[in-house]
1. Looking only at the stretch A:1-50, filter to residues that are free of Cβ contacts under 8 Å to residues at least 12 places away in the same chain and more than 14 Å from chain B (Cβ to nearest Cβ); which one of those is nearest to the chain's Cα centre (by Cα)?
2. Please state which one of B:LEU84, B:LEU88, B:LEU70 is within 14 Å of chain A (Cβ to nearest Cβ) and either assigned to a helix (DSSP H, G or I) or farther than 26 Å from B:THR220 by Cα (or both).
3. Among helices (runs of 4 or more DSSP H) lying entirely in the stretch B:241-340, which contain 2 or more residues that are small (Gly, Ala, Ser)?
4. Do we find that B:ARG46 is touching a Lys or Arg at 6+ places or on another chain (Cβ under 9 Å), within 14 Å of chain A (Cβ to nearest Cβ) and of a type outside the set (Phe, Trp, Tyr) in this structure?
5. Of all residues in the stretch A:185-231, how many are under 30 Å from A:GLU158 (Cβ atoms) and touching a Lys or Arg at 6+ places or on another chain (Cβ under 7 Å)?
6. State all residues of the stretch B:75-97 that are closer than 21 Å to B:PRO282 by Cα and either at pLDDT below 85 or surrounded by fewer than 24 Cβ atoms within 10 Å (Cβ to Cβ) (or both); if no residue qualifies, say none.
7. Residues to consider are A:VAL124, A:VAL83; find the one that is modelled with pLDDT of 90 or more, under 15 Å from A:ALA152 (Cα atoms) and within 12 Å of another protein chain (Cβ to nearest Cβ).
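The values are calculated or read from the model by the stated rules, or taken from the named source; none is laboratory data. Note that this is a predicted model, so its numbers are computed, not measured. No Cβ is skipped: glycine too gets one built from the backbone with ideal geometry, and neighbour counts run over all protein chains shown.
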Amino acid sequence: MSARLAYETATVGYPGVTVVREATLGVAPGEVVGLIGPNGAGKSTLLRAVTGAARVSAGRITLAGEPLAAIGPRERARIVGVVPQAVSAAFSFSAREFVLMGRHPHLGRLQQVDSADISLAEEVMERTDTLRLAAEPVDTLSGGDLQRLALAQALAQEPSVLLLDEATSHLDLNHRLQVLDLVRELADAGLAVLAVFHDLDLAARFSDRLGVVAAGLLGPIGPAPEVLTVPLLARVFGVRAVVGTDAVTGAVVVTPVLREEAVTETRRGRVLVVGGSGTAAPLLRRLHLAGYEVQAAALNRGDVDQAVAEALGLERVDVPAFGEVDAEAEAAVERMAAGADAIVVCEVPFGRANLGNLRALARAAVRTVLIGRFGPEREFSGGEATALVDGLQAAGAVTVVEAGEAVAEVERLTSADSPPSGR
Amino acid sequence: MPVPTRIRRATVITVLLVGLALAMLVAVGFGAVSVGAPDIVRAIVRAITGEARVAGDAVIVDIRLPRVLLAALVGASLASAGVLYQALFRNPLADPYILGMSAGAGLGAVIALTLTASATALRFGVVPAGAFVGAVLTIVLVVRLASLRGTLDVTSLLLAGVAISYALSALTSFVMVFFRESMASVVFWMMGGLTGASWPYVLMVTPMLAVGLAVPLLATRELNLMLLGEERAGELGVDAERFKRLLLAVGALLVAAAVSVSGLIGFVGLMTPHMVRLVIGPDHRVLLPASAIGGAIVMVLADLAARTVLAPVEIPVGIVTALVGGPFFIWLLVRRNGHR
């Protein structure tokens, strides 16, 4: 299907300022394309260039194949509807009058709105849950109501292209989903939608494709799972994040772990963390933030701790989901343990699958911190793990109650002037 | 279901037209010689049908009627210009004077007045032309200044308007000091007055008002959309940049019409649209014609007060409107602050 809205190596900006260079993107009927990127990257400018509020200084933008420059404002307003970030309502028009203003491009100079226009306005107000506000003066309404009225106004234009600029920023949870479901429905009925999102999860959930706007460029563009990757999030947003899949909707979900700049400049020692099932995630984050060179012992793919370690870009040993720590992985962990300044064993149960991690530590004999007592509730290896932990303790391992204490202990163990733990 | 706009509009405008007719009858009737309504109507009928005049017709037909009509035309022009600028600025406190256009029209008119000081016959044609040229040059200058940084945004437009306004007022005073012999008449004219009203003035201002009102009346939907902001108006199909320029030009015509025949009369352009808006709301389909008629009523009554309150001494009508408008403006400010 050919694009209804197309940017053809379009350079957009304002007089004297170039904001986005050589953007190329096509939005087909039935498609929702989401634009994401840091503040001020030019997402809104890309939208504003379509309605003439920003300039196209090179390349071009086309609507249904026709260059924008050849389309007058009225004709364009019959094709493109916009829902802006903020709606101003300084004068007291009623909500119905406000929505009817969207009919402007369809009305002749001396033509008045007729019953067909009014029923269309009421239909779009019904769909945006604003019909009950019809008689209210718009200058008394909340930001959320205004935003839905702006959508109703845009839909009253009967557009075939809809541009949404943070169109749900003022909406509560319920209305946000309602509006986006409506947009999805309209797209399925043939509307081409280009939407700027701040919320990456909403963007991933409601867009067929995502386009990243950063550093004056548009790209990459593609389905959410291909675009929202750990390295891209780090590069574009400066955020270390876990990229997962929402258990309910199946959409890509981004959980920020830490901001790049928050990591301290101080370089500290090397710490190996043994975890699994989420027992290590907070500790991995804290140690990384504090400037330690953190390593993760063998973790299953799909495990929360593994995702966090990946997001943080830690050196780690991955084993397949539900797989065992095999001899190869065990050897890798042993090498890490030998080079570590300290080792932390989180409050994780040990069974046949992950026993390899403990065996590797036992041979390395590095200063170790154990979080939580190792009791029968964590023993699933028939006694083997208990024996290994006893061995670690005999070699001088310290036991602490929770992660905070473990961090303090690690700090003591890795600071150069501290005596080796010899208890 | 609210009352349809068409019916509401017809009702409001009918009521205002009746009010204007009554105000004009009263204004024509009052004066050194009082005349009853039937006599006024008869005198006008005689004048139209070309029947022989009777005693007293001259006062009604040659003096009072053109003056009252001129007051109505000036009031309508000022109020319409006020509506246009308020839509353009999206600010109900905006006034033609803020843009510096009145000062520009004033300077143009003062230069025309001093140049034609000895030739009274020339004045009639040159003063309005001077006012219009002054208003247009001012608005061109203000728009140029305001768009130095690219697009024409309202804040820079206001700043440029205020700055130019000061400069032009200073220039006007300068011209007045240089041509002392004509200073008295200029000063009186500057205060705003309709003393010199005559039929030729009425015939001159009428087409200016007609054009100045007809153009925006054909674009009331665009005026409404401008209240949502230029960008939103653009998104909804208005060529905002062009429409703004059209509004400024039409406003210049209206301001020139008013200033050239009556000097600087303030507050009518601010007060009238505001009062009308309080009653009927912001929809320009009603607001614009209703403000034009309302402005006419306000001006007719203000001029009536100007020439009767201290009779036989006549107060410049600009002083009357300022006396009423000043407190009104303060009330507006206090009310707005109270709402915040």
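1. It comes out as A:ASN39.
2. On the way: B:LEU84 fails: within 14 Å of chain A (Cβ to nearest Cβ); B:LEU70 fails: within 14 Å of chain A (Cβ to nearest Cβ).
Selected residue: B:LEU88, the only one of B:LEU84, B:LEU88, B:LEU70 that is within 14 Å of chain A (Cβ to nearest Cβ) and either assigned to a helix (DSSP H, G or I) or farther than 26 Å from B:THR220 by Cα (or both).
3. Those helices (runs of 4 or more DSSP H) span B:284-308, B:317-339.
4. Details: touching a Lys or Arg at 6+ places or on another chain (Cβ under 9 Å): yes; within 14 Å of chain A (Cβ to nearest Cβ): no; of a type outside the set (Phe, Trp, Tyr): yes.
So B:ARG46 does not fit the description; no.
5. The number of residues fulfilling the criteria is 6.
6. Result: B:LEU88, B:PHE89, B:ARG90, B:ASN91, B:PRO92, B:LEU93, B:ALA94, B:ASP95, B:PRO96.
7. Working: A:VAL124 fails: within 12 Å of another protein chain (Cβ to nearest Cβ).
Only one candidate passes the filter, namely A:VAL83.
To keep it simple, each residue is scored yes or no on (1) in a helix (DSSP H, G or I); (2) more than 22 Å from A:ARG270 (Cβ to Cβ); (3) in contact (Cβ under 8 Å) with a residue 40 or more places away in the chain.
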| residue | (1), (2), (3) |
| --- | --- |
| A:LEU358 | yes, no, yes |
| A:VAL369 | no, no, yes |
| A:PHE374 | no, yes, no |
| A:GLY382 | no, yes, no |
| A:THR399 | no, no, no |
| A:ALA406 | yes, no, yes |
